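A short worksheet on the structure shown next.
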Amino acid sequence: MIRVAPGVDPPVRIDIWSDVVCPWCYIGKRRFETALGRFEHAADVEVVWRSFELDPAGPRQRDGHLVDLLAAKYGMSREEAEAANARVTALAADEGLAYRLEAARPANTFDAHRLIHLAASRGLGGRAKETFLAAYFTEGAALGDRDTLAGLAARVGLDAEEVAAVLDSDAFAADVRVDEQEAHQLGVTGVPCFVIDGRFAVAGAQSPELLLQAMRRVWALAADATGAVG
């Protein structure tokens, strides 16, 4: 069994770039959680959620149905877009997620990311990420709507006055931009993207087996670098 050298806490950090309106990101989150649950040293892993916007120039809220927007964006027919949504919905179901893409309300996610950073500063980043993803994909929540965001933040356990202060200002905007700039520097063009200990990247909603293999590999490298013994 690998033992971590004293003073290394935590030995492995996993940065996950994702967007809260990305269907593959929610699937990837569940697969990652499965992998982490199988990882022998899960208690020694720090997970950091990083911001990534699929459509940073998009309006706060969009009119129309998601399927029509997808068809226009990717040059597909409406029937092809519906089939694509059906496929991703089936894959989500395999991970225990009940997607309702017909009710999804596409939106700009910048403010949602700012609130996730607020939550992270209070030790609630993971809870916020899960809450916003579930709200968009299973509840049809409008993540570009201020009142909706405030209500979701309350579910997370954030203070209402603090949330309002963030939404009324540019608080945590720089944090979102730093995440996005770092993603660009790393060459991240799609999400989810898992960067393990700053040295190994896994792009896409990969299988739990592949993610577990990557974590074990990086753990071994970190142990070697710190002089751990087996």
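What follows draws every value from the coordinates through simple rules; no lab data is involved. Predicted, not measured: the structure shown is a model, and the values here were computed from it. Don't worry about glycine lacking a Cβ; one is built from the backbone with ideal geometry, like all the others, and counts go over all protein chains shown.
Taking the Cα centre of the chain as origin, work out the dipole magnitude from +1 charges on Lys and Arg Cβ and -1 charges on Asp and Glu Cβ, in debye rounded to 20.
That gives the chain a dipole magnitude of about 500 debye.
Could you point to the residue in Phe132, Ala119, Val88 farthest towards the positive end of the stretch 85-170's charge dipole, with +1 and -1 charges on the Cβ of Lys/Arg and Asp/Glu respectively?
It is Val88.
Between Asp170 and Glu46, what length comes free when the chain is fully extended (0.36 nm per residue of separation minus the Cα-Cα distance, one decimal in nm)?
Taking Asp170 through Glu46 to full extension adds about 41.9 nm, to one decimal.
For the chain, what does the relative contact order come out to in percent, with C-alpha contacts under 8 Å and a separation of six or more?
RCO, the chain: 34 percent.
For the chain, give me every cysteine whose Cβ has no other Cys Cβ within less than 4.7 Å, ordered by residue number.
So, Cys193.
Which of the listed residues, Ala225, His184, Val166, is farthest toward the dipole's positive end in the stretch 123-230, when Lys, Arg count +1 and Asp, Glu count -1 at the beta-carbon?
It is Ala225, whose Cα lies furthest towards the positive end.
Which of Ala201, Ala164, Ala150 moves the most in a Gaussian network model of the chain with Cα springs under 10 Å?
Ala164
Take the alpha carbon gyration tensor of the stretch 27-138, find the square roots of its eigenvalues, order them as a ≥ b ≥ c, and report rounded if a/c is under 1.5; if not, report prolate when a/b exceeds b/c, else oblate.
Cα axes put the stretch 27-138 in the oblate bin.
Specify whether the C-alpha gyration tensor of the stretch 39-101 places it in the rounded, prolate or oblate class, a ≥ b ≥ c being the square roots of the eigenvalues: rounded for a/c under 1.5, otherwise prolate if a/b is larger than b/c and oblate if not.
oblate
Just grab the label-to-label distance for Leu91 and Phe200, each label 7 Å out from Cα along the Cβ direction, in nm (one decimal).
Placing both labels 7 Å along Cα→Cβ, they lie 2.3 nm apart.
Can you list residues whose amide H is under 5 Å from Ile14's amide H, if they're 5+ apart or on another chain and H is modeled 1.01 Å from N?
Glu46, Val47, Val48, Asp197
If each DSSP helix of 4+ residues adds -39,500 (n - 2.57) and the sum is divided by the residues in the chain, what number results at 222 nm, nearest 500 deg cm²/dmol? Write out the running numbers ahead of the final one.
Working: 9 runs with 120 residues, N = 230.
Computed ellipticity for the chain at 222 nm equals -16500 deg cm²/dmol.
Please give me the summed charge of the neighbours of His65: other residues whose Cβ is under 11 Å from its Cβ, Lys and Arg +1, Asp and Glu -1.
-1
Expected output is a single nm value to one decimal: the length gained when fully extending between His184 and Leu221, i.e. 0.36 nm times separation in residues minus the C-alpha distance. What is it?
10.8 nm
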